[in-house]
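Asker: Let me give you the structure first, and then I'll get to my questions.
What follows draws every value from the coordinates through simple rules; no lab data is involved. This is a predicted model, so every value here is computed, not measured. Neighbour counts are summed over all protein chains in view; Cβ atoms, including those assigned to glycine, are modelled from backbone coordinates with ideal geometry.
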Amino acid sequence: MTIDTDEFLARSGIDMRLLQQWIEREWLRPDRGDAALILSELDAARARLIRDLKGDFGVNDEGVEIVLHLVDQIHGLRRVLVELRRDMQTTRRSTIRRTRVRKVGQIAAKRRRP
Amino acid sequence: MAGARVKNPYDILGVAPAASAAEIQSAYRKLAKKLHPDLNPGDKGAEEKFKEVAGAYDLLSDPEKRKRYDAGEIDESGAERPQHQYYRDFADSDFGHYASDGGFADFAQGDDPFADLFRRSAEARANRRGRDLHYRLEISFVESITGGSERITLPTGGTLDVSIPAGIVDGQTLRLKGKGTPGSGKGGPGDALIEIEVRPDPRFKRDGDDITIDLPISLSEAVLGGKIRVPTPTGDVTMTVPAGANSGTTLRLKGKGAPRRGGARGDEFVKLRIVLEKPIDPDLRAFVSNWEAGKAFNPREDIAR
């Protein structure tokens, strides 16, 4: 969901200066509409994560970059795993259906015999 | 507070009650790094544990709060952090455009079914369509019937011109193609989706393509008939009230309703309601009190037992 700048700052707990800085560093990559920023809940939650890393955890700027890079890869992998699971479920369902059809077919054939 | 006993914050962080501020911070960082929900995207239990640790740290890292806790003035329950949504909650959904395929790009090289899946996934990400943006627009009842155009000011400062088709209904959504966020690669931009909210009008009610209006008329208009002005969404029109009209008599103004598909229009139904002047004119009062036929008429005959 799109949120306005005020809500973004409230949710993420950072100020305008940090927002600009983190966008310059490409830690945050909000969508851009007609020149203006389009900030989302996702961006705010990501900013909050960066704030936790830098503040509470004492991670320095280089560290933040590495963490974000790895976190982004984890989410990429998670997405593929979700797709993989969905594919496997579809395959499994259609296999079960085919097995059932065969069984019913066999029963019908047996009945016809005597 | 039996049962729901909250653990001692020193135990949660694993430090002695005499621990220094530096020891507390270091113990917290050690635990939090392991437990932060965004660093454990698949572990649903991490959030609960992290909350506990963060709450304990909030209490003990503030010297004032810690002193009051040690003196028994406040307990652990005040230290709970308010709920917040973590990055992982959004990143797992389709909106997570930060997610990268660096973790599996090599798997996409082969020619097995998995490689195929990885390729498709990477391709889908490279050519992701822009997001749809949702807006809400309130228009007047009259505009919902006549149509028109509105300019929305976006939260980003830009504007969006919306042309409102005549006859739109409350809750309907207009799609402006390509007015969402830009896509990446070959994925086109998303759309702007505008949900229309029609402000009720004290005069008109809508019933499908038809409109109804309750129209007050005077006693003399009802008895003698005559021409009266009736509001419609497209402006006032003149209508003839037949002599002897009654409260509840409904007249139809053809084609004054909402447009239908195919060019025709619904109708406006005018429901008359006789309204007596207040206070009652002495002449009318004098007439009615001597009016025998009027006293003999019983309008409740049908419902009387």
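Asker: Between B:Ala56, B:Ala32, B:Ala108, which is among the aliphatic types (A, V, I, L, M) and under 18 Å from A:Arg46 (Cβ atoms)?
Answerer: B:Ala32
Here is a yes/no grid of residues against (1) of a type outside the set (Lys, Arg); (2) within 13 Å of chain A (Cβ to nearest Cβ); (3) not in a loop (DSSP other than H, G, I, E, B):
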| position | (1), (2), (3) |
| --- | --- |
| B:Ser26 | yes, yes, yes |
| B:Pro41 | yes, yes, no |
| B:Glu48 | yes, no, yes |
| B:Val53 | yes, yes, yes |
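Asker: Of everything in region B:147-159, what is within 11 Å of chain A (Cβ to nearest Cβ) and under 19 Å from the mean Cα position of the chain (by Cα)? Give them in sequence order.
Answerer: Matches in region B:147-159: B:Leu154, B:Pro155.
Asker: Restricting attention to region B:153-185, report how many residues are surrounded by 17 or more Cβ atoms within 10 Å (Cβ to Cβ) and either in a strand (DSSP E or B) or without any contact (Cβ under 8 Å) to a residue 40 or more places away in the chain (or both).
Answerer: Residues that pass the stated criteria total 9.
Asker: Let me ask something else about it. Looking at this structure, is B:Ala32 away from every other protein chain (no Cβ under 12 Å), assigned to a helix (DSSP H, G or I) and buried (at least 17 other Cβ atoms within 10 Å of the Cβ)?
Answerer: For B:Ala32, the condition - away from every other protein chain (no Cβ under 12 Å), assigned to a helix (DSSP H, G or I) and buried (at least 17 other Cβ atoms within 10 Å of the Cβ) - is not met.
Asker: Against the definition (of a type in the set (Ser, Thr, Tyr), in a helix (DSSP H, G or I), touching a Lys or Arg at 6+ places or on another chain (Cβ under 9 Å) and away from every other protein chain (no Cβ under 12 Å)), how does B:Ser144 come out, yes or no?
Answerer: Here the answer is yes, as B:Ser144 does meet what is asked.
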